[in-house]
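**Q** Just passing along the structure, written as structure tokens.
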Amino acid sequence: MTKVTKDSLVKGTLILTVAALVARFLGVFQRIPLVHLLHEEGMGSYSIAFNLYSILLVVATAGIPSALSKMVAERYALGRPAEADRIYRAAVMFALGAGVLMTVLLYGFAPIYAENISHGGPDATLATRAIAPAMLVFPLIAIMRGYFQGRQNMMPNGISQVVEQIFRLITSIALAYFLLNISLGWGVAGASFGGVIGGLAALAVMLYYAMKQKRRDALVAPTSVMKETAEQMSAAKADMPIAGGALRYRDIYRSLLKLSIPIVVFSVTVTLVYAIDTSIIIPLLEGSIGRNEALGLVGILGGRAQSLAGLPIILAVALSQSVVPIISAAYSRKDYQQVGKQTSRVLQLAILSGLPAVLMIAVAARPLDFFLFGHEDTVYGISHGPHMIALLTLGAMFQIVMQTSGAVLMGMGRMKPLMAHVVVGIAVKLAGSFLLGNMFGIYGIIVSTGLCFIAMSWLNIRSLRKEIKFTILGSRFAGLAVTVAVIAAVGTAIEWLTHNYVALTPWFRLNEAINSVIVCGIAVAMYPVMLMATRVVTKDDVSSFPAPVQKLIRKAGRLLGRR
């Protein structure tokens with residue numbers, strides 16, 4: 001790998017990571033005003049619509065960009081830009097067809113799912129149909145992102161993600177605010193339609209960069225594209241037959257689907273799990289707590305708990321993404337020692353970077369919930385909302401391990417066992433939801449989500465151990481368990497004290513903000529101190545961490561030294 005290639009990889013990873021972080025935070029903060037506008041019932045309908053849409057969106061877009069980028073990069077590396085362009089055109093035609101098909105499917109299936117399966121009612125049907133047109137543009141956007149990724153130009157992908165979320169946030173809130181004057185159902189539909197506006201904005205960005213790329217290609221001779229790599233791969237064979245001097249669309253689609261289907265199956269897991277929750281809560285619980293309370297729980301889970309539980313995953317996944325290409329390269333060279341070393345590193349980084357956010361949100365769930373979203377609408381919601389957030393966030397720790405270990409398996413090309421693990425995980429989720437949901441209500445359903453991620457994590461790690469030797473924490477796991485127990489105990493005690501005795505201002509929301517800062521601050525400050533005290537983290541480990549984490553842990557070490 002040349003220095004230029006390394007620089008491109010680092011730059012591209014940085015762009016996509018920053019864009020993903022910004023887009024994810026914007027998506028989370030979009031929920032805050034929507035909760036205030038739509039309340040639990042409206043957020044329940046919105047969550048039902050959004051989770052069904054998300055499943056179809058992942059099916060229509062996930063995997064294809066990665067497969068397309070690989071095929072385009074190979075053709076340019078071989079000095080065959082005409083073939084790359086033909087592959088791109090075939091993918092665009094596929095995206096347009098998939099967009100129309102998914103839009104019709106989502107629009108037509110909306111009342112069946114929203115009213116008969118999830119029992120969300122007419123408002124959920126209206127919200128689902130309002131977001132259906134977004135399916136027309138997002139497959140095309142995904143294809144264009146894959147093409148630019150294959151051309152090693154990550155800027156359009158990053159910019160379009162951020163622009164999409166900005167327009168989605170603004171229009172969702174504005175439309176919900178104005179359409180609530182008609183009815184709650186129209187307000188929910190307005191919030192959903194913001195996704196369509198966000199998609200159109202992202203498409204406009206991609207079209208701008210596409211025209212810019214076309215002008216640049218017209219000025220650059222095709223033979224100058226990636227000359228060094230072309231020389232290295234000149235002996236490589238094309239992976240698709242050529243008929244009449246051109247690649248056949250049939251073979252292009254076969255190669256695209258062969259590469260993308262396993263990625264789709266893995267990518268849809270979390271979205272499908274969340275959709276299962278919003279689909280079964282009302283049917284399972286309305287008999288015991290009533291339909292309105294059950295719909296309110298869907299709103300709490302989808303509008304509050306899933307938003308906050310998604311935050312710890314951002315940093316962990318972003319940290320692991322940069323290591324996966326290294327694992328893939330080492331595995332292709334049969335350098336299994338390097339694969340094992342990097343696997344240990346990425347899993348350790350994911351766990352240690354995700355754990356403090358999990359602990360922080362879990363122990364401060366009540367003040368964070370009341371500060372960000374306000375009180376739930378019912379006494380039942382107030383009693384259970386913070387506990388739902390805390391429990392789902394604890395389960396996110398296993399989601400971090402599942403996604404990171406799954407990404408390593410993808411880097412090694414072990415797609416068949418990964419797909420089998422997804423099937424097992426979903427089966428565990430379904431069985432656990434119906435069994436535990438009838439016994440423990442909403443908490444049984446949330447616990448079954450954690451069990452799904454635990455099962456998939458265990459299966460992923462077992463498959464990895466058959467291929468390579470690696471350790472995650474080894475003997476240091478006991479120290480990490482002590483760290484978690486101490487922070488959980490101290491954090492819970494501090495949260496109880498602040499909730500009952502700290503009211504520094506006459507404003508409820510401001511008091512909850514202060515309590516959130518106190519509880520979260522103590523939990524985060526204790527984390528590096530406890531890691532050093534229990535010797536979970538050593539000096540050798542610190543040297544491989546990101547610079548900000550190194551700085552924080554060194555300060556904790558000096559603090560312990562002074563003590």
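**Q** Set the Förster radius R0 to 45 Å, insert the Cβ-Cβ distance between ASN181 and ALA481 as r into 1/(1 + (r/R0)^6), and round the FRET efficiency to 0.05.
**A** Working: r = 54 Å, r/R0 = 1.19.
Efficiency at R0 = 45 Å is approximately 0.25.
**Q** Tell me the label-point distance for the pair ARG254, MET211, using the 7 Å Cα-to-Cβ offset, in nm and rounded to one decimal.
**A** Going from the ARG254 label point to the MET211 one covers 3.9 nm.
**Q** Rounded to the nearest Å, what's the spacing between the alpha carbon centres of segment 330-372 and segment 513-534? Just the number, please.
**A** Between the Cα centres of segment 330-372 and segment 513-534 lies a distance of 18 Å.
**Q** Quick one: if the Förster radius is 30 Å, what FRET efficiency do LYS334 and ALA204 give, using the C-beta to C-beta distance and rounding to 0.05?
**A** Working: r = 46 Å, r/R0 = 1.52.
After rounding to 0.05, the efficiency reads 0.05.
**Q** Further question on the same structure: Placing unit charges on C-beta atoms (Lys and Arg positive, Asp and Glu negative, everything else neutral), compute the dipole magnitude of segment 325-435 about its Cα centre in debye, rounded to 20.
**A** Values: 8 positive and 4 negative charges, 150 e Å.
That gives segment 325-435 a dipole magnitude of about 720 debye.
**Q** Taking θ as phi - 60°, what are the ³J(HN,Hα) couplings along segment 473-482 by the Karplus curve (6.51, -1.76, 1.60), each to the nearest whole Hz, with x for Gly and Pro?
**A** Calculated HN-Hα couplings, in order: 10, x, 5, 7, 4, 4, x, 5, 4, 5 Hz.
**Q** If packing is taken as the average count of other Cβ atoms within 10 Å, what order do 489-496, 186-193 fall into, highest mean first? Can you show the working numbers first?
**A** Working: 489-496: 16.6, 186-193: 26.5.
Taking the mean over residues of other Cβ atoms within 10 Å, the ranking is 186-193, 489-496.
**Q** Still on this structure, I have one more. Can you tell me the FRET efficiency between ILE55 and ARG89 if r is taken as the Cβ-Cβ distance and R0 is 35 Å, rounded to the nearest 0.05? Display every interim value, and only then the final one.
**A** Values: r = 28 Å, r/R0 = 0.80.
The calculated FRET efficiency here is 0.80.
**Q** Quickly rank 466-474, 156-164 as a protection proxy: mean count of other C-beta atoms within 10 Å, highest first.
**A** Numbers: 466-474: 15.1, 156-164: 22.7.
Packing order, densest peptide first, comes out as 156-164, 466-474.
**Q** Taking 0.36 nm per residue of sequence separation and subtracting the Cα-Cα distance, how much length would be gained by fully extending the chain between VAL18 and MET419, in nm to one decimal?
**A** Stretched out fully, the VAL18 to MET419 stretch lengthens by 141.5 nm.
**Q** Turning to a different aspect of this structure: Length gain on complete extension for the stretch THR534 to LEU430, per 0.36 nm per residue less the alpha carbon to alpha carbon distance? Don't skip to the answer; put the middle values down first.
**A** Details: separation 104, 0.36 × 104 = 37.44 nm, distance 3.83 nm.
Difference between extended and current length: 33.6 nm.
**Q** Follow-up. Could you work out the relative contact order of segment 156-213, using alpha carbon pairs under 8 angstrom and six or more residues apart, expressed as a whole percent?
**A** On the way: 66 pairs, mean separation 26.4, N = 58.
RCO, segment 156-213: 45 percent.
**Q** With contacts defined as alpha carbon pairs under 8 Å and 6 or more residues apart, what's the relative contact order of segment 36-151 in percent? Write out the running numbers ahead of the final one.
**A** Numbers: 138 pairs, mean separation 51.4, N = 116.
That works out to 44 percent.
**Q** Related question: Would you please put 340-350, 431-441, 36-46 in order of how densely packed they are, using the mean number of other Cβ atoms within 10 angstrom per residue and starting with the highest?
**A** Numbers: 340-350: 22.7, 431-441: 16.3, 36-46: 24.9.
Order by mean packing, descending: 36-46, 340-350, 431-441.
**Q** Report relative contact order for segment 394-471 in percent, whole number only (criteria: Cα-Cα under 8 Å, sequence separation at least 6).
**A** Numbers: 73 pairs, mean separation 32.4, N = 78.
Over segment 394-471, the number comes to 42 percent.
All of the numbers you see were taken from the coordinates with simple rules; none came from a lab. The model shown is predicted, which means the values in this text are computed figures rather than measured ones. So basically every Cβ, Gly included, is an ideal-geometry build from the backbone, and we count neighbours across all protein chains shown.
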